[in-house]
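S.K.: This is the structure I want to talk about, given as structure tokens.
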Amino acid sequence: MLEATQDYFEAIHDTDRTGALRAVDEALARGLRPEDVLFQVVLPAIERIRGPEGQACASSLAQQYMAAVIAAELTERMVPLFRSAPAVSCRVVMGNSRGDFHGLGRRIVVGCLRAMLMEVVDLGLNVAPEAFVDAAVSSGARVIGISSMMDHTARGEGGCRAVRRLLQERGLEGTIRLAVGGAPYRFDPEMYRAVGADVWAPDGLSAGQLIARLARGEAA
Amino acid sequence: MTPMERLSAVATGKPVDRLPVFCNLLDQGARALGMGIEEYYRSGASVAEAQLRMQRRWGHDNVWALFYVGKEAELLGCRKMVFAEDGPPNVGEWVIRTPEDIHRLQVPTDLADHPAFAETLRCARLLRAEVGGKVPICVYVTSSVTLPAILMGMEAWLGLLLTGPAELRDELLAKCSALVQAEIAAYRAAGADIILYSIPFASPDFLPERLCRSLALPWAARDLAPGGLAGIVYYVGTARMEGMAAEARRQIGVEAFYPSPRDDLRRLRAELGPSPLVAGVLNDIELVRWEPDRIRAEVKALVDALDGGPALFGTMLMPLAVPERSIAVMLEAAYACARRERA
Ligand code: B12
């Protein structure tokens, strides 16, 4: 393991933003390639903060936030320095459902996806069902991710159910998959079925991993 | 026994007919009165009337003088609440957008005649006039370390909290703490018995333990010290409190805990010891789809796990989507399981 990998992970773990950026800058100064910064330092930290697959994420929200948000920033800084531009694998549309003004979960998921070199169309807060579908069609996205913090914005008629209905009506079900997440889904792990989603994830880092897989056309 | 006698007896280790049953119905009040949600929350008289009607109908052991949490942002200048017809309203604009806004933030110190609080206090007084001393009157206060989430958004707040500048963070926390203290004083004067003190940022689900200990809990102690601990119930927003509950008790002195359905009650009891009051909280989001048999089994399992010290049964912030017949089954089961032999 690179020295920077451990230093960076420890800084993220301690929610020490300055320390995390210092670890990266020192590594670059020692000659580490920007590609390696991303793939050997930043992404492994997301995985370690997330912990073993199949188990509940053991880290706090603050640590997840650090891992995802700094990863997105560093991705933006590193990618232009790559020797050859990386192939952007696929596109994802993300937003909060209608009436929902709780953006942090979505931002963590988006940060992860960007660090995985996904192209994300982030529609922000309070998004109408039609806007999700229109954005997915016009950008060629393969996954729509919908975040909701309250029971009524998850389950209600302005959210995933309505998006599912639009996909059906427009014959898009074969091409566009639906992922959901947010507090209510964590209290009822079966709720994603009731609202017509294909998948859900309990935390931002596994959400990033899951959506990336879906977008690549792999089974979730 | 009246609900108040029941709660006082449980808290002081005296015999009771059954454990207290708290049922947190908020937006349901609009339906009880046949009103739209926005209209309903315009008047403290409506909220009080609906709380009383629902309590008489269902027989549970508490009433609420809570409208919605966004009210606290209104107290600090927020003018845009986004209402829905199928759930609670949300803060729709941030009062704090720049560091300057933090310097400028004005905290009202006397809430007794603050326009954004008048109806809430009116509701509390009406409840006191009707059921004071008989049914515990509950209010809700967001801790200083959590309040900025609805003033500037969770993301900006987490950023400021974790990466500073520390002076700016502390300036905001001091102002929020002043508001919390003023709220508690005003609520007590209006007749509140139970103050649900909400501090999700002291959950290890939110912050690493180091920060729960060194930042969140010291600010909680500061929020609560001037008014004392009478009626304070420690609540981390239904995030988990396990692992940090005993530390909260040590730092703040609280003796009543309202955990998450995802906390293990037996482990929590072991952590806290036999004397504090611990609520068993039903997952009312799953309640939306549970069939009657499942509801009864879940209620029973929850009440069984409450052995070992003073306890009550409670719900989270019950979604409007929970069918009335499920509420009825839940309460019947709770009343039956919570029965205790009076010595
Ligand atoms: C902190 C908190 C608060 C704080 C701050 C809220 C805020 N964010 O602005 C305060 C105390 C102010 C608050 C107030 C309210 N709250 Co609140 N709150 C919580 C709490 C404890 C955590 C929510 C949170 O912010 N989590 C952090 C975020 C980042 O987590 P997350 O959204 O779950 O996202 C993670 C995953 O779910 C996933 N994810 C998120 N999006 C997506 C998307 C996809 C596609 C995928 C795959 C994954 C994914 O990744 C994220 C990162 O790990 C929860 C209970 C709980 N234990 O979750 C209640 C909770 C969400 N609140 C609830 C409610 C009702 C409210 C109020 C509406 C109450 C009221 N009647 O006024 C108000 C609304 C305030 C407002 N905005 O106007 C309910 C919602 C359920 C319901 N009954 O409808 C909850 C569940 C509490 C409960 N158990 O009853 N709340």
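The values are calculated or read from the model by the stated rules, or taken from the named source; none is laboratory data. From a predicted model like this one, the values you see are computed outputs, not experimental measurements. With ideal geometry, Cβ positions are generated from the backbone for all residues, glycine too; neighbour counts draw on all protein chains shown. Note: areas computed on protein heavy atoms with side chains; ligands, DNA, RNA excluded. Shrake-Rupley method; radii C 1.70, N 1.55, O 1.52, S 1.80 Å.
S.K.: Please list, by residue number, every one of the trypsin sites (Lys or Arg not before Pro) in the stretch A:154-220 that is coil in DSSP and has at most 15 other beta-carbon atoms within 10 Å.
M.R.: A:R170, A:R216
S.K.: Can you send over the carbon and sulfur percentage of the accessible area for the stretch A:1-54, probe radius 1.4 Å, protein chains only?
M.R.: 48 percent
S.K.: Further question on the same structure: For B:K80, go through the lysines and keep the ones whose alpha-carbon is under 29 Å away, minus same-chain ones fewer than eight residues off.
M.R.: Leaving aside lysines fewer than 8 places away in the same chain, those within reach of B:K80 are B:K71, B:K175.
S.K.: Local charge sum around B:A73 (other residues, Cβ-Cβ under 11 Å, Lys/Arg +1, Asp/Glu -1)?
M.R.: 0
S.K.: Just tell me how shielded B:309-322 is by partners: mean number of partner chain Cβ atoms within 10 Å of each residue's Cβ, no decimals.
M.R.: What the average comes to for B:309-322 is 2.
S.K.: Along the Cα-to-Cβ line of A:V137, 7 Å from the Cα, sits a label point; which residues in the stretch A:161-198 have backbone N less than 16 Å from it?
M.R.: A:162-177, by backbone N distance to the label point.
S.K.: In addition: Can you compute the modelled spin-label distance between A:F39 and A:D25, with each label point 7 Å from Cα toward Cβ, in nm?
M.R.: That separation, rounded to one decimal, is 2.7 nm.
S.K.: Just in the stretch A:82-137: which trypsin sites (Lys or Arg not before Pro) are loop by DSSP and have at most 14 other Cβ atoms within 10 Å?
M.R.: Listed in order of number, the matching sites are A:R83.
S.K.: Ranking request for peptides B:195-201, A:13-19: highest mean number of other beta-carbon atoms within 10 Å first, then the rest in descending order.
M.R.: Per-residue Cβ counts within 10 Å, averaged per peptide and sorted highest first, yield B:195-201, A:13-19.
S.K.: What accessible area per residue, rounded to a whole number of Å², is obtained for the stretch A:91-215 using a probe radius of 1.4 Å?
M.R.: Result: 33 Å² of accessible area for each residue.
S.K.: Could you tell me whether the stretch A:91-215 comes out rounded, prolate or oblate from its Cα gyration tensor? Rule is a ≥ b ≥ c as square roots of the eigenvalues, rounded for a/c under 1.5, then prolate if a/b exceeds b/c, otherwise oblate.
M.R.: Rounded, since a/c falls under 1.5.
S.K.: How much accessible surface does B:D113 have with a 1.4 Å probe, in Å² rounded to 10?
M.R.: Surface open to solvent at B:D113 totals about 120 Å².
S.K.: Average partner chain C-beta neighbours within 10 Å, per residue of B:149-158?
M.R.: 4
S.K.: Over the whole of B:207-214, what's the average partner chain Cβ count within 10 Å per residue? Rounded to a whole number, please.
M.R.: Partner-chain Cβ atoms within 10 Å, mean over residues of B:207-214: 3.
S.K.: Leaving ligands, DNA and RNA out of it, report the carbon-plus-sulfur percent of the accessible area of the stretch A:91-215 at a 1.4 Å probe.
M.R.: Ligands and nucleic acids excluded, carbon and sulfur reach 49 percent.
S.K.: Let me ask another. Keeping every protein chain present and rolling a 1.4 Å probe, give me the accessible area per residue for the stretch B:3-342 in Å².
M.R.: 38 Å²
S.K.: Give me the percent of the accessible area of the stretch B:3-342 that comes from carbon and sulfur atoms, probe 1.4 Å, all protein chains in place.
M.R.: Of the solvent-accessible surface of the stretch B:3-342, carbon and sulfur hold 52 percent.
S.K.: If R0 is 22 Å, what FRET efficiency do you get for A:E53 and A:E119 from their C-beta distance, rounded to 0.05?
M.R.: Taking R0 as 22 Å, the efficiency between A:E53 and A:E119 is 0.35.
S.K.: Filter the GluC sites (Glu not before Pro) in the stretch B:257-343 down to the DSSP loop ones having no more than 14 other Cβ atoms within 10 Å, then list what survives.
M.R.: Filter output for the stretch B:257-343: B:E341.
S.K.: Additional query: Please enumerate, by chain and number, the lysines with C-alpha under 20 Å from the C-alpha of B:K14, excluding those fewer than 8 residues away in the same chain.
M.R.: B:K134
S.K.: Then there is this: Only counting protein heavy atoms at a 1.4 Å probe, give the residues of the stretch A:138-170, ordered by number, whose accessible area falls by 20 Å² or more when the other protein chains are present relative to the chain alone.
M.R.: A:M150, A:D151, A:H152, A:R155
S.K.: Per DSSP helix of 4 or more residues, -39500 (n - 2.57); summed, then divided by the residues of chain B. What does that give at 222 nm, rounded to the nearest 500?
M.R.: Mean residue ellipticity, 222 nm, calculated: -13000 deg cm²/dmol.
S.K.: Could you report the buried accessible area between A and B, both sides summed, computed with a 1.4 Å probe and given in Å² to the nearest 100?
M.R.: Answer for the A-B pair: about 2400 Å² buried.
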